[in-house]
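Below: the structure, in structure tokens.
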Amino acid sequence: MAAIRATLPRGTPIELWWQDEARVGQKNGITRRWAKRGTRPSAPKDQRTTSAYIYGAICPAQGKGAALVLPRCNSEGMMLHLAEISAAVAPGAHAVLLLDQAGWHISAALVVPANITL
């Protein structure tokens, strides 16, 4: 934290944010059918699955949050989420964002807004 504070203009407020993603969706179960003993009737079922990813971040000290629901979890989605967090940071403040080591968090393609440090 001291290293981050040293790179900022004197007196810049720092907000601590926590971020993570979660997948929510549908996965169909096994289809069962009543049948006469010894027979094997067909039991067609829907094999499709759908899911979405919820990106969320909070700053408990300030009582703020930022979230998005997106179809994929990747660097592009993470950049959209960082832009959402950046807009929620107080004017003149700097956000320190704590996150895990997911590939899209540490990707070289990731563009981080100026008011956020990962």
Fill in the blank from the handout: Once phi for every residue in the stretch 39-48 is put through the Karplus expression 6.51 cos²θ - 1.76 cosθ + 1.60 (θ = phi - 60°), the whole-Hz ³J(HN,Hα) values, with Gly and Pro written as x, are 9, 10, x, 6, 9, x, 8, 6, 8, 6
Completion exercise
Most fluctuating of 92, 29, 77 in the GNM of the chain (C-alpha, under 10 Å) is 29
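Once the piece of chain linking residue 93 and residue 5 is laid out straight, how much longer is it, given 0.36 nm per residue of separation minus the C-alpha distance between them?
This chain segment gains 30.6 nm when fully extended.
So what's the net charge close to residue 93: Lys and Arg +1, Asp and Glu -1, counting the other residues with Cβ under 13 Å from its Cβ? Could you put the intermediate results ahead of the total?
On the way: positive: 5, 64; negative: 15.
After counting each charged neighbour, the total is +1.
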Handout entry: Shape call, the stretch 62-110: gyration tensor on alpha carbons, a/c limit 1.5
Key = prolate
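Once every DSSP H run of n ≥ 4 in the chain is given -39500 (n - 2.57) and the sum is divided by its residues, what mean residue ellipticity at 222 nm do you get, rounded to the nearest 500 deg cm²/dmol?
-5000 deg cm²/dmol
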Practice task
Would you list, by chain and number, the lysines whose Cα falls below 25 Å from the Cα of residue 27, excluding same-chain residues fewer than 8 positions away?
Solution key: 45
Practice task
Calculate how steeply helix 75-88 sits against the longest principal axis of the alpha-carbon atoms of the chain, using the helix alpha-carbon long axis, and give the answer as 0 to 90 degrees to the nearest 10.
Solution key: 50 degrees
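Could you give the semi-axes, largest first, of the ellipsoid that matches the chain, computed as the square roots of 5 times the alpha carbon gyration tensor eigenvalues and rounded to whole Å?
After diagonalising the Cα gyration tensor, the semi-axes are 46, 13, 11 Å.
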Completion exercise
Treating only Lys and Arg (+1) and Asp and Glu (-1) as charged, each at its beta carbon, one finds that the chain has a dipole about its Cα centre, in Debye to the nearest 20, of 1140 debye
Fill in the blank from the handout: Percent antiparallel among DSSP beta bridges confined to the stretch 1-103, nearest 5, equals 75 percent
Problem - Amide H within-cut-off set for residue 95, under 5 Å, with H built and near neighbours excluded - result: 15, 116, 117
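Computed from the coordinates by the stated procedures, all read-outs in this text should not be read as laboratory data. Here the structure is a predicted model, which is why all the values come from computation and not from measurement. Virtual Cβ from ideal backbone geometry, glycine too; neighbours counted across all protein chains shown.
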